[in-house]
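Here's the structure we're looking at; comments come further down.
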Amino acid sequence: MANLARIAVLVSGGGTNLQALIGAQRKNLLSSGRIELVISSNPGAYALERAKKAGIPGYAVSKKELGSQEAFEAEIMRLLKEYDIELIVLAGFMSILSKSFTASFPRRIINVHPSLIPSFCGQGFYGLRVHEAALAKGVKVTGATVHFVNEIPDGGEIIMQKAVSVREDDTPATLQKRVMRLAEWRILPAAVEKVSAEIISRK
Ligand code: GAR
C-alpha cells in the first residue's frame, strides 16, 4: 500500500461517519487513502466496535483518565506518529484540539460539521445542538460542511458542503438523521478522497 495516504479517524460516539468512510473504502470510492487507525475520546463509543469489525486498530484515549488536555493530545500525537498518519479525520470527535496541536498538521486535519458553515457553528455547536439551533431559527435549508481544521473552532477553509431541506414537522432528531444520510455520509468520504489524492500527488 505504498502510495495511499495514511488516515486516522478520530471519533467520540456512534461512528456513523466512520462507517460511511469504511463503506467508501470497501466500494473503492476511497482509492487514494486508507484508514489505518481509529482513536476515540470515549472508551464506550460504539465507533470502536465498528473499527474492530472492520479490522482497523482502535484505541480509546480518555482526557478524564489522562488528567489534562496536554496529556490527552500527547497520547493522540504518539499514536499518530506510531502509525505514520498523514491525514486526520474528525468524524464526530467532540473534543476541541489546541492551537499547538492543529498548527502541527496544517491542511492535514479535516472535520465534518452538521450545518452549512458559517451558520450554527463554533464553540458549543455540536451534535443535536446544531439542529436544535437551526430549527429554533426557522431556517428552511441546512446541511453539512467538511472543512480543514485550524485554531478557530469550525473556522478553517471549507472543502465541501451539501444543502438539505428542513421539513415543517422536523424534530432535531429527524433533521439530524436526514442531514447525516443526505449530506454528511456523502461529502465526508468524497472530501477525504479529494484531500488524500492531493497528499499522494505531492509525494
Ligand atoms: C455528526 O452529525 C457530526 O457531524 C457531528 O456529530 C455527529 C457524530 O455522529 N459533529 C459535530 O457536531 C462536531 N462539531 P457519528 O458519531 O454517528 O458520526
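Rule-based calculations on the coordinates, nothing more; no lab input. Note that this is a predicted model, so its numbers are computed, not measured. We place every Cβ from the backbone using ideal geometry, glycine too, and count neighbours over all the protein chains shown.
Report, in cubic angstrom per residue, the convex hull volume of the C-alpha atoms of the range 95-203.
Normalising the Cα hull of the range 95-203 by residue number yields 86 Å³.
Evaluate the Debye formula for the range 100-150 with equal point scatterers sitting on the alpha carbons, no solvent, and hand back log10 of I(q)/I(0) at q = 0.15, 0.25 Å⁻¹, in q order, two decimals.
Those come out to -0.45, -0.91, one per q.
Given the Cα atoms of the chain, and with Rh set as the inverse mean 1/r over their pairs in the Kirkwood sense, what is Rg to Rh to two decimals?
Value, to two decimals: 0.95.
Multiplying the sequence separation of Ala173 and Ala190 by 0.36 nm and subtracting their Cα-Cα distance, what value in nm do you get?
3.7 nm
With the contact rule set at Cα under 8 Å and sequence spacing of 6 or more, what percent relative contact order holds for the range 63-203?
Here the relative contact order equals 21 percent.
Within the set Lys99/Lys140; Lys137/Lys177; Lys140/Lys162, which residue pairs have Cα atoms separated by over 24 Å?
The pairs that break the limit, which is 24 Å between Cα atoms, are Lys99/Lys140.
Inverting the mean 1/r over all pairs of different Cα atoms, compute the Kirkwood radius of the range 31-106 and quote it in Å.
When all Cα pairs of the range 31-106 are included, the Kirkwood radius is 13.1 Å.
Are there GluC sites (Glu not before Pro) in the range 130-200 that DSSP marks as loop and that have at most 15 other Cβ atoms within 10 Å, and which are they?
Glu151, Glu157, Glu168
Taking just the C-alpha trace of the range 1-66, give me its Rg and Dmax in Å.
12.1, 38
Between Leu4 and Glu82, what length comes free when the chain is fully extended (0.36 nm per residue of separation minus the Cα-Cα distance, one decimal in nm)?
Length difference between fully extended and current span is 26.4 nm.
Quick one: length gained pulling Lys27 to Ala60 fully straight, 0.36 nm per residue minus the C-alpha distance?
So the chain would gain 9.1 nm between Lys27 and Ala60.
Give, rounded to the nearest 20 debye, the magnitude of the charge dipole that the range 96-203 has about its Cα centre when Lys and Arg contribute +1 at Cβ and Asp and Glu contribute -1 at Cβ.
Magnitude of the dipole: close to 280 debye.
Per residue of the range 38-45, what does 6.51 cos²θ - 1.76 cosθ + 1.60 with θ = phi - 60° give for ³J(HN,Hα)? Whole Hz please, x for Gly and Pro, Karplus curve as stated.
Result, rounded to whole Hz: 10, 10, 10, 7, 10, x, x, 5.
What fraction of the Cα pairs in the range 58-155, stated in percent, has a spacing above 17 angstrom?
Within the range 58-155, distances greater than 17 Å cover 55 percent of Cα pairs.
Where does helix 185-201 land angle-wise versus the long Cα axis of the chain, in degrees 0 to 90, nearest 10?
Computed tilt is about 40 degrees.
Find out how many positive minus negative residues lie around Thr16, taking Lys and Arg as positive, Asp and Glu as negative, among other residues whose Cβ is under 14 Å from that of Thr16.
Within the 14 Å Cβ shell, the charges total +4.
Just rank Val112, Val139, fewest to most, by other beta-carbon atoms within 10 angstrom.
By the 10 Å Cβ count, ascending: Val139, Val112.
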